[in-house]
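Below: one structure, written as structure tokens.
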Amino acid sequence: MPPAFPDKQAFIEGRGEYAMAKPVRQILSLIALSVSLSAGATTPDADQARRIAEQFLATKQATASPQEAYEAGDVAVADLDGDGQAEVVVLWTMLGPTYWHHGVTVLSRKGQHYAPAGEAEEPLGSVEGMVVRNGVIELKTKWPGPNDARCCPTVPKTLRYRWSAGKVSLAK
């Protein structure tokens, strides 16, 4: 008997014989996200956090244009608000045919799963890395200078964010 889904990626993306309406794929992705942690687990390890991040991005992909793709960059696990519960912080990139932008999403625990709790997007520049410490999400970026092409920003800039009350906002 052949496996139920010989091409899992085609199923997730809704290609070929697995083509289905976007809302159905989105619901399936949300179900996958909701079962991402086993009962009793309190803080995800690095591998679990990466899987949680990838499942979250699958939900974004389900509603994206066919020409856009989402990729996870850095993923961190940290208690951002001091409540004793770890959040998963995902640095992601949306790639389009001639454009891209980056985002940071905080996923917080809701029962036995993690769900999006706040997000910030940076449409300019490139993000070279993310560090999370002392409740602050820090992005090392390069922004376009006055003579830079869109592809090749050169001006270093550090962006700092805090997550509070369900919002990711620039730290002052």
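Only the coordinates and a few stated rules stand behind these numbers; no lab work does. Values in this document were obtained by computation on a predicted structure and should not be read as measured data. Glycine also receives a Cβ, built like all others from the backbone with ideal geometry; neighbour counts cover every protein chain displayed.
Suppose the chain between residue 136 and residue 69 were pulled fully straight at 0.36 nm per residue; how much longer would it get relative to their current alpha carbon spacing? Walk me through the numbers on the way to the answer.
On the way: separation 67, 0.36 × 67 = 24.12 nm, distance 2.73 nm.
This chain segment gains 21.4 nm when fully extended.
Work out from phi, with θ = phi - 60° and the Karplus expression 6.51 cos²θ - 1.76 cosθ + 1.60, the ³J(HN,Hα) of each residue of the range 145-150, listed in order in whole Hz, and give x for Gly and Pro.
Running phi through 6.51 cos²θ - 1.76 cosθ + 1.60 with θ = phi - 60° gives x, x, 10, 7, 6, 4 Hz.
How far is it, in nm, from the label point at residue 42 to the one at residue 81 when both lie 7 Å from their Cα along the line to the Cβ?
A separation of 1.9 nm, rounded to one decimal place.
Going 7 Å from the Cα of residue 93 along its beta-carbon direction, which residues of the range 109-146 have the amide nitrogen within less than 11 Å of the resulting point?
Only 126-129 pass the distance filter.
Can you give the relative contact order of the range 128-172 as a percent, counting alpha carbon pairs under 8 Å and 6+ residues apart? Intermediate values should be presented prior to the final figure.
Values: 71 pairs, mean separation 14.0, N = 45.
Here the relative contact order equals 31 percent.
Which of the listed residues, 169, 70, 99, is farthest toward the dipole's positive end in the range 47-172, when Lys, Arg count +1 and Asp, Glu count -1 at the beta-carbon?
Of the candidates, 169 comes out farthest on the positive side.
Give the span of the range 66-124's Cα atoms along each principal axis, as three whole-Å numbers ordered largest to smallest.
Largest to smallest, the principal-axis extents are 42, 22, 16 Å.
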